[in-house]
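S.K.: Please see the structure below; I have some questions.
Derivation of every value follows stated rules applied to the coordinates shown; laboratory data play no part. From a predicted model like this one, the values you see are computed outputs, not experimental measurements. We place every Cβ from the backbone using ideal geometry, glycine too, and count neighbours over all the protein chains shown.
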Amino acid sequence: MWLWMAVLSGLGWGQDVEQSLTWSIRAGGSEIGHRDVTVKFVKTDAGVRRIIESWTELDGAVGPIPVSMRQRMTVHASGRDPGSFHSVMEFNGVPQEVQARWTPAAWWVTTNVNGNKRTVDIPVSQVNISTADLMDPDSGLPLSRFDNVRILSAETGEILTGPVEDLGLRTVTVGSDEVQVHGYGWKSPTGRSVFYFSSEGHLVEYSMKLMGIDIQGILTEPPPPGLDDFPVAVGGPAVEKLPLD
């Protein structure tokens, strides 16, 4: 994918590319909501910027525990760096906000939980990626790069550390289609998470703990094609020949 992005930067790529994905989310054996994500590849003078917009909505219960959540998140990423993000969420009536900005020197992380605001700068060595990066199909920091990874939660602002396990290839049924995916397990202090990605880097299926609740997500439709499946004009503009007077 990175070779293709370099090609896009070198050619006259005049149109932005937009991809849409929806995950069905289950907990306790029942469907409780969905996550809708739009990934935009935007050509800029500095290269291709990825803008990821996410909306998550959950309503239900896991045993006696009610689950009500609304989350809106925007991620900006470019090159091989982690994405910076802004997440606004309400979980069971409690509002909370997490903003994280990556710089080569440090992460700047601001959390605001029920009106209690706190900003800290964290050395880059203490955070490898965030949970927002897992939705970036062109992330330069996939889980495959790590034996042990430090992940910043876009939901809580916590940093969780644990080993990564390569689960290999498997086939996942998405709608009526079969999709080959590569899986990775991650064991953190909150429990074990599993993430399955398509060959183009899209998160297809996952299981993780969210605010203390075990959830599972799977795409409702097969992942979109890679950028190299989109038509791109190669070469200079056409030359119009006009007769001389």
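S.K.: Going by how many other beta carbons lie within 10 Å of each one, how would you line up Leu58, Leu219, fewest first? Intermediate values should be presented prior to the final figure.
M.R.: Details: Leu58 22, Leu219 25.
Ascending Cβ contact count within 10 Å gives the list Leu58, Leu219.
S.K.: Mind checking the dipole of the chain: about its Cα centre, +1 per Lys or Arg Cβ, -1 per Asp or Glu Cβ, Debye to the nearest 20? Mind showing how you got there, number by number?
M.R.: Values: 19 positive and 30 negative charges, 158 e Å.
Value, rounded to 20: 760 debye.
S.K.: Tell me the net charge near Val179. Cut-off is 13 Å between Cβ atoms, Val179 excluded, with +1 for each Lys or Arg and -1 for each Asp or Glu.
M.R.: Values: positive: Arg170; negative: Asp177, Glu178, Glu200, Glu205, Glu221.
Summing Lys/Arg as +1 and Asp/Glu as -1 gives -4.
S.K.: I need the phi-derived Karplus couplings for the range 179-196: 6.51 cos²θ - 1.76 cosθ + 1.60, θ = phi - 60°, integer Hz, Gly and Pro marked x.
M.R.: For the range 179-196, the Karplus curve yields 10, 7, 9, 10, x, 9, x, 9, 9, 10, x, 8, x, 9, 10, 9, 10, 10 Hz.
S.K.: Can you find, among Ala61, Gln71, Gly47, the residue farthest towards the positive end of the dipole of the range 42-120? Put +1 on the C-beta of Lys and Arg, -1 on that of Asp and Glu.
M.R.: Checked the options; the winner is Gly47.
S.K.: At 222 nm, what value in deg cm²/dmol follows for the chain if DSSP H runs of at least 4 each add -39500 (n - 2.57) and the sum is divided by all its residues, to the nearest 500? Before the final figure, lay out the partial values.
M.R.: Values: 1 runs with 9 residues, N = 245.
So the helix-based figure for the chain works out to -1000 deg cm²/dmol.
S.K.: So, in nm, how far is label Arg192 from label Val94 when the simple model puts each one 7 Å beyond its Cα toward the Cβ?
M.R.: 2.8 nm
S.K.: Another question, then. Using the count of nearby Cβ atoms within 10 Å as a rough guide to exposure, how do Ser125, Ser139 rank from fewest to most? Mind dumping the intermediate values first?
M.R.: Details: Ser125 8, Ser139 22.
Neighbour counts put them in this order, fewest first: Ser125, Ser139.
S.K.: Measuring from centroid to centroid over Cα atoms, what is the spacing of the range 200-220 and the range 99-158 in Å?
M.R.: 18 Å
S.K.: In debye, nearest 20, what is the charge dipole magnitude of the range 56-175 about its Cα centre with +1 on Lys and Arg Cβ and -1 on Asp and Glu Cβ, if you could check? Numbers along the way, then the final one.
M.R.: On the way: 9 positive and 14 negative charges, 43 e Å.
Once rounded to the nearest 20, the dipole reads 200 debye.
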